[in-house]
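What follows is a single structure, written as structure tokens, with notes after it.
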Amino acid sequence: MKEDLLRISVITPNYNYSNFISDAIKSVIDQNYHNYEHIIVDDGSTDNSISIIKSYISRSNGHLKLTCTSNQGQTKALNYALTQVSGDIICWLNSDDKFCEGAFETINNEFKKCPQAEAIFGDIFIIDSQNKILKKLKYLKFDYLSGVFNGFGKIIPSNAIFWRS
């Protein structure tokens, strides 16, 4: 493991997303980056999500951690996951989302280039069930006036932001 790699903590809430969770996990495991942890909080799933997640634990070389809770909602699952992180950088990956190849290396390099940055975010691709890109959403420069006039949801995508712990 290189010393210059920031530790990235990925948090994923899950509830009955067995059709998608595998792709989300694979997108993390397949990063060409090894200083990360992936914390999944399953919020009382009644489908086979938990067995799918468990099948990846041994393949993750200790990077994947699963906590199972009773159904209390996404916010509580996220808040619990945040208490478990040990990384320098945190990001939130929903169970039905996935990272592009090389995302962690890019994020590490950007934080290294700009050590005063508290958060870095990127664009997102909307894809269909066959992974065909339907459109790319390009987010605006983050500043107060843009947020007021365009809406802050159009500036900072929750599924494409990485922030310092």
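The values are calculated or read from the model by the stated rules, or taken from the named source; none is laboratory data. Not measured: the values here are computed from a predicted model. As a convention, Cβ positions derive from the backbone with ideal geometry for all residues, glycine included, and neighbour counts pool all protein chains shown. Accessible surface areas use protein heavy atoms only, side chains included; no ligands, DNA or RNA. Shrake-Rupley method; radii C 1.70, N 1.55, O 1.52, S 1.80 Å.
Rolling a 1.4 Å probe over the protein heavy atoms of the chain, with every protein chain left in place, gives an accessible area that is 52 percent carbon and sulfur. Extension gain for residue 51-residue 19 works out to 10.3 nm (0.36 nm per residue, less the C-alpha to C-alpha distance). Here is how the number arises for the chain: DSSP H runs of 4 or more residues each give -39500 (n - 2.57), the sum is divided by the residue count, and the result at 222 nm is -8000 deg cm²/dmol. Pairwise alpha-carbon distances in the chain exceed 23 Å for 40% of all pairs. Using a 7 Å offset from Cα along Cα-Cβ at residue 126, what residues in the stretch 97-111 end up with backbone N under 20 Å from the label point? Residues passing the 20 Å test: 97-100.
The value of relative contact order for the stretch 1-101, using C-alpha pairs under 8 Å at least six residues apart, is 46 percent. With a Förster radius of 22 Å applied to the beta-carbon distance between residue 113 and residue 65, the computed FRET efficiency rounds to 0.15.
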